[in-house]
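Since every read-out is calculated from the coordinates, none of them should be taken as a lab result. Predicted model only: the values in this text are computed from it and were never measured. Heads up, the Cβs are rebuilt from the backbone with ideal geometry, glycines too, and the neighbour counts pull from every protein chain shown.
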Amino acid sequence: MRFLRNSAAAYVALLAGAFVVAVLGSWLIGLSVDQSAYDEMFRRYRPAPWQPESALLVVDERTLDAIPGGDEGLRRALARVLEIVAAAKPKAVAVDFLLTKPKDPAVDAELAAAFRKCPNLVLGSEVLSDGWEEPIPLFRDAAKAIGQVHVWFDRDGVARQIPLLRTHGQVRRWALALEAFRLSRGADIVETVGRDNLEVGSTVIPTNHATRLMRVRFAPADRKPRQISVKAVLDNPALAGEFTGKVVFLGGTAQTEHDRVFTPYSEGRATSGVEINAEGFETMAHGLFITDVPDLWVVLWAALLVAAAGVSFRYFQGWPAYVAGAIVVLAGTLAPYAAFTTGRVLPFTMSAFSGWLGGITAAAYYHLVTRRSLKRSEMEKARYQQAMHFVTHEMRTPLSAIQGSSELITRFALTDEKRKQVALLINSESKRLARMVEIFLNVERLSAGQMELKQEHIDIAEMVALCVERTRPLAERKHIAINLHPIPAGLELTGDRELMEYACYNLLTNAVKYSPQRTEVTVTGARDGSHVRISVQDQGIGMDQKEVKQIFRKFYRTKKAEESGEAGTGIGLSIVQQIVEQHGGEIDVVSEPGKGSCFTLVLPASALTPAAAKRH
């Protein structure tokens, strides 16, 4: 349960980290990507068709080439063409030329007269650092409204919005497109203090109160308002019928004009300001508004994607989990486009980053968890196999003694004294077998972290002497002498007594088993600084350095050990190593083929008592 709780907490923490990275990444580096994605969605989305309510009367290259006389010639041509257009009865006329300087009085009077004939005339203005650039009074008196012609440029230089309001000093000017829309509807612009939206008649225009920016719904090429050049109308006045009942935007589209900007549809071709104003009017006229999803909802959507990815890999297994994760990734990638089709702008980077990072994080984590579970299963299997080998290796001797003694009792008539001796032997070997089982189980629990090591004070001299006495019968059968050098009194270590006895006894029995007859085994114990060193040295078969590096591997036996005829499985030294490591120690091995081996247990020593320290 503790592992599950820790695993769940780590999983949630990783997902939270993925969410934070997605949000911060989108804020720090996502702006340019969001803008490019916004433009791409514009080019790919095909909205339902609408009938344009505006038309453009443009001064193009052909018009400029055909009109002599510079600005005065242009104003004279505009006066003539507006006379023709006014007769066609448009709803309104919006002029995107800045007529801020007087020219020839006769020409200006002619243009002013034409302006007065235009219904709902809106003239353009511009705010500079030192104030407003407005039409001359002669023209301004003929107009119903003055509108500003500014376009809002994003950091990449692309125009995606227009400011509906510009202010300088005490003078406020609504956008040219907004004034034209207001006049075409015969309504006022209602601005409620503190509220974002503007109202024009029954139309509510969503815009931010602080910036008053409005996203323009740019139309595909086949749905844009029709453009007719001034020269074409002058040559064929019947073309003015195209302006009947529409809002006419008059401006320049010639490539030589400075009023050239880029829009999401530009793809390398600049667009004129009059076209953008006309598109802004169409946005308002048909309610084709594009609004930004509030930041709070964007963050909540990102959190939902990461959480969905986490749930997918938490509650599904195998391919269903990856299918669910793929759905989350697709949702994060495609949601901005789906939102755009409904007129909402959902930042692409935050949505996509959240889907991808959430999916990758969840998939990677559970892939690692699955591998860890598999590894744990393999370790448990190995421990089970180790247990079986331990049973066969360590318990064979006491089981043989119990079996042989029980056969003696059943097959032969024994005296009471002999029967008592056999019964005591069976009892002794049974207890020994029980201790072996307990030792093995304790080693396994310690290795698996399922129990804590006992903290007992172990007298080194006493423990080693006990192990030597238990080993002597085996040594005597091979005529091997065990020399126990005196161990300083008071030398102690802290740990599990039974486990340490097993480790010491195993080294002693190995030394006897793999030594030839009539040799010696030497046992020493001493303090070395803050450690205790217990050494068992034999005169046996020995090993080379390659074998020394592998003897603690489970089930490994040297070639000479196998040839010796001694029974074994190679599990004993691995258990000894586990015991020593659990006590914070290590095993040093020095060996040479044909000259024997010396195994040394190096373990942390307990603090000496004052009396023991004095003797030491």
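For P(r) over Cα pairs in 20 Å bins from 0, in percent, the candidate list reads [x] 14, 38, 36, 10, 1; [y] 15, 27, 15, 12, 14, 13, 3, 0; [z] 19, 54, 26, 2; the entry that matches the value derived from this model is [y].
A Cβ-based charge dipole, computed about the Cα centre of the stretch 48-287 with Lys and Arg at +1 and Asp and Glu at -1, lands at about 560 debye.
Shape call for the stretch 46-175 from the C-alpha gyration tensor, a ≥ b ≥ c root eigenvalues: rounded (a/c under 1.5), prolate (a/b greater than b/c) or oblate? Mind dumping the intermediate values first?
Working: a/c = 1.55, a/b = 1.20, b/c = 1.29.
The shape class here is oblate.
Counting 0.36 nm for each residue step from ASP71 to ARG411 and taking away their Cα separation leaves a gain of 108.8 nm.
Give, rounded to the nearest 20 debye, the magnitude of the charge dipole that the stretch 453-615 has about its Cα centre when Lys and Arg contribute +1 at Cβ and Asp and Glu contribute -1 at Cβ.
Working: 20 positive and 21 negative charges, 58 e Å.
Its charge dipole is roughly 280 debye.
Sequentially through the stretch 521-532, phi angles give Karplus couplings (6.51, -1.76, 1.60; θ = phi - 60°) of 10, 10, 10, 9, x, 7, 9, 10, x, 8, 10, 10 Hz, Gly and Pro residues having no value and appearing as x.
Classify the stretch 453-497 as rounded, prolate or oblate from the Cα gyration tensor: take a ≥ b ≥ c as the square roots of its eigenvalues, call it rounded if a/c is under 1.5, otherwise prolate when a/b beats b/c and oblate if not. Please list the in-between numbers first.
Values: a/c = 4.90, a/b = 1.96, b/c = 2.50.
Oblate is the answer for the stretch 453-497, as a/c is 1.5 or above yet b/c matches or exceeds a/b.
With the simple spin-label model, which puts each label point 7 Å out from Cα in the Cβ direction, the LYS89 to ASP222 separation comes to 3.3 nm.
Which whole-number percentage describes the relative contact order of the chain, with Cα contacts under 8 Å and a sequence gap of 6 or more? List each step's numbers first, then the result.
Working: 1029 pairs, mean separation 73.5, N = 616.
Computed over the chain, the figure is 12 percent.
Given their separation in residues at 0.36 nm each and the Cα-Cα distance between them, ASP588 and LYS560 gain 8.0 nm when the chain is fully extended.
When both the stretch 217-280 and the stretch 468-486 are represented by their alpha-carbon centers, they are found 111 Å apart.
Each listed q (0.11 Å⁻¹) maps to a log10 I(q)/I(0) for the stretch 78-152, found by the Debye formula over equal Cα scatterers with no solvent: -0.27.
Measure up LYS89/LYS224; LYS420/LYS454; LYS91/LYS224; LYS478/LYS560; LYS418/LYS478; LYS431/LYS559 against 28 Å on the Cα-Cα distance and list the ones that go over.
Details: LYS89/LYS224 21 Å; LYS420/LYS454 36 Å; LYS91/LYS224 18 Å; LYS478/LYS560 18 Å; LYS418/LYS478 26 Å; LYS431/LYS559 34 Å.
Where the Cα-Cα span goes over 28 Å, the pairs concerned are LYS420/LYS454; LYS431/LYS559.
Which one of LEU198, VAL216, VAL230 is farthest out on the positive end of the charge dipole of the stretch 169-279, using unit charges on Cβ (Lys, Arg +1; Asp, Glu -1) and the Cα centre as origin? The listed residue farthest towards the positive side: LEU198.
Of all DSSP beta bridges confined to the chain, the antiparallel ones make up roughly 60%. Put a dot 7 Å past the Cα of ALA338, heading toward its Cβ, do the same for GLU133, and the two dots end up 4.7 nm apart.
If you take the square roots of the eigenvalues of the alpha-carbon gyration tensor of the stretch 48-287 and sort them as a ≥ b ≥ c, do you get rounded (a/c under 1.5), prolate (a/b over b/c) or oblate? Here the stretch 48-287 falls in the rounded category. Out of all Cα-Cα pairs in the stretch 453-615, roughly what percent, to the nearest whole number, are more than 27 Å apart? Percent of Cα pairs beyond 27 Å in the stretch 453-615: 22. Here's the picture: charge each Lys and Arg Cβ at +1 and each Asp and Glu Cβ at -1 in the stretch 453-615, and of TYR514, GLN550, VAL464 the one pushed furthest to the positive end of that dipole is TYR514. As a rough footprinting exposure proxy, the listed residues ARG43, ARG185 were ranked by other beta carbons within 10 Å of their own, and the order from fewest upward is ARG43, ARG185.
Which cross-chain or sequence-distant (5 or more) residues have an amide H under 5 Å from the amide H of LEU493, H modelled 1.01 Å from N in plane? Residues meeting the amide H criterion: ILE458, ILE460, SER606.
Think of the stretch 1-110 as having a plus end and a minus end, set by charges on the Cβ of Lys, Arg, Asp and Glu; of ALA48, GLY25, ILE67, GLY25 sits farthest toward the positive end of this dipole. In a simple Cβ point-charge model (Lys, Arg +1; Asp, Glu -1; nothing else charged), the chain has a dipole of about 1840 debye relative to its Cα centre. Sorted on the mean count of surrounding Cβ atoms within 10 Å across their residues, most packed first, peptides 221-228, 162-169 read 162-169, 221-228.
Label sites at ALA8 and VAL437, each approximated as a point 7 angstrom past Cα along Cα to Cβ, lie 3.7 nm apart.
Could you list PHE153, PHE19 so that the one with the fewest beta carbons within 10 Å of its beta carbon is first and the one with the most is last?
PHE153, PHE19
If we count every other residue with Cβ under 12 angstrom of GLU83's Cβ, Lys/Arg +1 and Asp/Glu -1, where does the sum land? With Lys, Arg at +1 and Asp, Glu at -1, the neighbours total +3.
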